1. Compute, for the stretch 71-139, the length of the dipole vector about the Cα centre, with Cβ point charges of +1 (Lys, Arg) and -1 (Asp, Glu) only. Units Debye, rounded to 20.
2. With every protein chain present, what is the per residue accessible area of the stretch 148-203 (1.4 Å probe, Å²)?
3. Counting only heavy atoms of protein chains, what accessible area per residue, in Å², does the stretch 71-139 have with a probe of 1.4 Å?
4. Based on the alpha-carbon gyration tensor of the stretch 71-139 and its eigenvalue square roots a ≥ b ≥ c, which shape applies: rounded if a/c is under 1.5, prolate if not and a/b is larger than b/c, or oblate?
5. Each residue of the stretch 143-157 in turn: what ³J(HN,Hα) in whole Hz from Karplus with 6.51, -1.76, 1.60 and θ = phi - 60°, glycine and Pro shown as x?
6. With the crude spin-label approximation of a point 7 Å out along Cα→Cβ, what separation in nm comes out for residue 197 versus residue 158?
7. Pull out the extension gain between residue 146 and residue 179, defined as 0.36 nm times the separation in residues minus the alpha carbon to alpha carbon distance; nm, one decimal.
Amino acid sequence: MDPSLLRERELFKKRALSTPVVEKRSVSSESSSSSSKKKKAKLEHGGSSGSKQNSDHSNGSFNLKALSGSSGYKFGVLAKIVNYMKTRHQRGDTHPLTLEEILDETQHLDIGLKQKQWLMTEALVNNPKIEVIDGKYAFKPKYNLKDKKALLRLLDKHDQRGLGGILLEDIEEGLPNSQKAVKALGDQILFVNRPDKKKILFFNDKSCQFSVDEGSPLNVMAANGPIQV
């Protein structure tokens, strides 16, 4: 090799060795460490605020009024009104009420004008369980029954039309003092329990009942066991 080229190569090596190298890893590690510290501080702050909210809930300091501007509060008021109207209907108070009377009895007189307007023009009018009567509101059950005679007629009608029975919970919803009425009907009705433990009421058609003599073919067939088809 040319001696001049060798000298240049040696000089290049010396310059490369004498040039200081700046490592950037420390900067990135410091940056990532700083970023992780910021994230940790943020998480700790969020956790403390969340624990504070949970503490407020557990102490019973949560107030529905704090959500007065949200849809959750509006629908909460509506649910309470519908449940109250159902309860009063079940105990025999079936006469309609004005909105002010409802708000008074449910302790919601302090709601805003927007919420009142919403209840009057949308929520109560369009609710399937509320009926509007001359500007007042009443509960609207699936079956509106006045007494035990009305219940018996309804069950008889279902039986004649082949519609089967009626859920006890639907009867309890629409018949004031339903437990007393059902008990008074005695053997005029029949109960059947569904697999989901819900009770169904049927009309007990006694005209379909008949007695079987011991020597009748039906009894002989029953005694010999089930018929093989």
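1. 280 debye
2. Result: 64 Å² per residue.
3. 56 Å²
4. prolate
5. For the stretch 143-157, the Karplus curve yields 10, 8, 10, 8, 7, 5, 5, 5, 5, 5, 5, 5, 5, 5, 4 Hz.
6. In this crude spin-label approximation the distance works out to 2.1 nm.
7. 10.6 nm
The values are calculated or read from the model by the stated rules, or taken from the named source; none is laboratory data. The structure displayed is predicted, hence computed values, not measured ones. Note that we place each Cβ from the backbone using ideal geometry, even for glycine, and neighbour counts take in every protein chain shown. Ligands, DNA and RNA are excluded from the accessible area calculation, which covers all protein heavy atoms including side chains. Shrake-Rupley method; radii C 1.70, N 1.55, O 1.52, S 1.80 Å.
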